[in-house]
Amino acid sequence: TETGCLSIIVLGASGDLAKKKTFPALFKLYQQGFLQLNDVHIFGYSRTKLHDDELRERIQGYLPVENKVSSNVSDFLQLIKYVSGTYDSREGFQELDKAISEHETSKKSREGSSRRLFYLALPPSVYPQVCKMIKTFCTNKSCLSGWTRVVLEKPFGKDLASAEDMSAQIGELFDEPQIYRIDHYLGKELVQNLVKPFSYFNLLLLSLLFLDLETLQLVLRFANRFFLPLWNRDNISNVQIVFREDFGTEGRGGYFDQYGIIRDIIQNHLLQIFCLVAMEKPVSTKPEHIRDEKVKVLQSVNPIRDEDVVLGQYRGYKDDPTVPDDSVTPTFATVVLHIHNERWEGVPFILKAGKALNSRKAEIRVQFKDVPGDIFKCSKQGRNEFVIRLQPSEAMYMKLTVKQPGLEMTATQSELDLSYRQRYQGVVIPEAYERLILDTIKGDQQHFVRRDELKAAWEIFTPLLHRIDEGDLQPLEYEPGSRGPAEADKLLEKAGYVQTHGY
Ligand code: BG6
């Protein structure tokens with residue numbers, strides 16, 4: 001582990017993202033002792049004129065203090081200093097640099113290196129400008145060792161051309177290993193398990209006999225013989241990657257209307273999950289090897305056809321005063337992707353996301369084909385499914401056909417269920433942002449989006465997005481609190497999804 005001076009600079013410190021995600025994640029890392037390994041200082045920078053204490057007060061209410069034990073809070077807050085300035089102001093960034101340098105030359109840190117982590121909790125439109133200011137005024141040229149890293153939040157552009165333009169501008173200032181493009185879905189615990197396998201898994205048979213699930217370990221894609229031979233077009237009928245929220249765009253209508261659900265959720269979060277489900281086994285667990293495989297699978301996706309898309313907009317969306325009355329921005333979309341490769345040809349990958357639906361849930365649902373020569377009439381009961389629920393209550397379960405207990409010879413559906421929080425009581429499941437910030441400090445880029453990956457992701461969705469922007473594809477109205485437009489269920493059926501019993 002590197003030691004020495006670490007400066008974490010949160011740009012956009014008075015904004016919502018910083019308050020709700022960045023500072024709370026930093027606090028959790030502090031609480032768990034990760035930041036104390038370093039001589040760390042945190043700097044907030046934004047346009048609002050504030051004193052250090054005023055920023056600290058604003059943040060304090062959002063810090064996750066469990067059991068009302070606030071012992072660490074004030075120590076943590078004391079690490080934070082504030083500098084105000086605009087995002088194009090030379091003076092502002094010079095002052096910021098001065099504050100960081102003072103910290104770096106303080107007695108405690110003199111022998112260490114200068115490590116500067118710039119977290120841009122800002123609208124993407126200012127990224128190139130801010131990166132230029134950081135590069136010009138805030139990279140410590142006099143220090144021989146250390147690094148400068150910039151962390152960027154999505155959305156990265158609005159389409160292929162704008163994303164490429166942004167990448168080129170930032171790429172002139174910083175090298176790819178210095179750039180961390182956050183997709184917080186990659187930091188969620190269960191998503192991690194798809195790529196960071198544990199090494200063993202207890203026999204499913206135990207559960208089939210209705211024994212305790214206690215001994216069941218993590219089910220993971222690349223470390224389980226169970227999955228290796230089944231994870232392909234011969235056995236899998238379709239894959240669904242679903243994101244639902246039971247609230248609308250409240251308070252974010254202005255932002256959301258410019259992007260829509262495909263840019264907000266599907267092109268990034270769901271596509272990242274898609275990669276992890278569909279990619280080939282990487283050569284090793286090195287970040288570059290994993291990202292190489294993700295790019296390959298993205299490049300194998302066929303162009304999206306109109307008949308593979310259903311769009312929706314919930315009734316009431318346009319009542320938001322920040323949303324134009326004639327908005328045709330989708331708040332719901334189902335998009336079916338087809339991969340042109342040996343493993344997946346003919347297997348629909350259904351990506352579905354919506355706001356103001358009937359529940360809050362994010363899950364991956366891998367549905368297997370019917371059993372050939374089915375003597376038990378299993379298909380009436382439903383198919384085998386492997387489900388990974390990312391939220392709420394992280395879990396993995398397998399839907400199996402088993403014998404109904406009793407004297408009758410009847411088949412029924414049941415689940416092998418591994419609920420994380422229940423199974424690993426007392427184990428702290430970290431929030432996505434904690435892990436991702438820690439990764440940036442460590443210099444691990446595995447859970448960040450590489451430039452070529454971003455480009456490949458935009459290549460898939462840009463033609464469709466342009467058709468929507470030009471009004472060629474219109475959203476269907478759906479009731480808030482519903483499942484979304486009925487046409488989306490029909491599309492699912494067409495893609496081969498069979499509704500199963502249970503959950
Ligand atoms: C963000 C989107 O990236 O993810 C939001 O911009 C969405 O629209 C949020 O609500 C969902 O994140 P989570 O972690 O709450 O599922």
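The values are calculated or read from the model by the stated rules, or taken from the named source; none is laboratory data. Owing to the predicted nature of the structure, the values given are computational and were not obtained by experimental measurement. Glycine also receives a Cβ, built like all others from the backbone with ideal geometry; neighbour counts cover every protein chain displayed. Just the protein is used for accessible areas: all its heavy atoms, side chains included, with ligands, DNA and RNA removed. Shrake-Rupley method; radii C 1.70, N 1.55, O 1.52, S 1.80 Å.
The protection proxy used here, the mean number of other Cβ atoms lying within 10 Å of each residue, ranks peptides 488-500, 235-247 as follows, highest first: 235-247, 488-500.
Other residues lying with their Cβ under 10 Å from the Cβ of residue 484 contribute a combined charge of +1, Lys and Arg counting +1, Asp and Glu -1.
With both residues required to sit in the chain, DSSP beta bridges show an antiparallel share near 50%. For residue 279, the solvent-accessible surface with a 1.4 Å probe is about 0 Å², rounded to the nearest 10.
For residue 81, the aspartates and glutamates whose Cα comes closer than 19 Å to its Cα, not counting residues fewer than 8 places off in the same chain, are 16, 39, 52, 53, 54, 57, 91, 95, 97, 102, 104. Database remark: amide H of residue 147 closer than 5 angstrom to the amide H of 114, 115, 116 (H placed geometrically; neighbours at sequence offset of 5 or more, or on other chains; Pro and chain starts carry no H).
In the chain, the calculated helix contribution to ellipticity at 222 nm averages -9000 deg cm²/dmol per residue, counting -39,500 (n - 2.57) for every DSSP H run with n ≥ 4. Overall dimensions of the chain, expressed as equivalent-ellipsoid semi-axes from the Cα gyration tensor (√(5λ), whole Å, largest first), are 42, 27, 22.
Taking 0.36 nm per residue of sequence separation and removing the Cα-Cα distance, the residue 78/residue 322 pair yields an extension gain of 84.1 nm. Given their separation in residues at 0.36 nm each and the Cα-Cα distance between them, residue 472 and residue 16 gain 160.7 nm when the chain is fully extended. In order along segment 19-27, the Karplus-derived 3J(HN,Hα) couplings, from 6.51 cos²θ - 1.76 cosθ + 1.60 at θ = phi - 60°, round to 5, 8, 10, 5, 5, x, 5, 4, 4 Hz, and Gly and Pro are given as x. Angle of helix 287-299 to the longest C-alpha principal axis of the chain, folded into 0 to 90 degrees and rounded to 10: 60°.
Remark: segment 261-274, residue by residue, has Karplus-estimated 3J(HN,Hα) of 5, 5, 6, 6, 10, 6, 5, 10, 4, 6, 5, 5, 5, 3 Hz, where x stands for each Gly or Pro and the curve is 6.51 cos²θ - 1.76 cosθ + 1.60 at θ = phi - 60°. Exposure check, 1.4 Å probe, all protein chains in place: residue 179 carries approximately 10 Å² of accessible surface.
Average accessible surface for segment 222-379: 41 Å² per residue, computed with a 1.4 Å probe over protein heavy atoms with every protein chain in place. Among 83-89, 119-125, the peptide with the highest mean count of other Cβ atoms within 10 Å heads the list, and the full ranking is 119-125, 83-89. The gain in end-to-end length when the residue 98 to residue 359 segment is fully stretched comes to 89.1 nm, 0.36 nm per residue minus the alpha carbon separation.
Considering only alpha-carbon pairs that sit under 8 angstrom and 6 or more positions apart, the relative contact order computed for the chain is 16 percent.
With the simple spin-label model, which puts each label point 7 Å out from Cα in the Cβ direction, the residue 305 to residue 285 separation comes to 4.1 nm. Residue 147: accessible area at probe 1.4 Å, nearest 10 Å²? That residue has around 40 Å² of solvent-accessible surface.
Cross-link reach is defined here as a Cα-Cα straight distance under 24 Å, omitting same-chain residues fewer than 8 places apart; for residue 294 the lysines meeting it are 154, 158, 188, 196, 281, 286, 352, 442, 455. Quick one: angle between helix 160-173 and the longest Cα principal axis of the chain, in degrees between 0 and 90, rounded to 10, please. Rounded to the nearest ten degrees, it is 40. Neighbours of residue 360, meaning other residues whose beta-carbon lies under 9 angstrom from its beta-carbon, give a summed charge of 0 when Lys and Arg score +1 and Asp and Glu score -1.
Once the other residues with Cβ under 15 Å from the Cβ of residue 14 are scored (Lys, Arg +1; Asp, Glu -1), what is the net sum? In short, +3.
The value of relative contact order for segment 266-392, using C-alpha pairs under 8 Å at least six residues apart, is 18 percent. Computed over protein heavy atoms with a 1.4 angstrom probe, the accessible surface ordering of 401, 322, largest first, is 322, 401. Relative to the longest principal axis of the Cα atoms of the chain, helix 90-104 runs at roughly 90 degrees.
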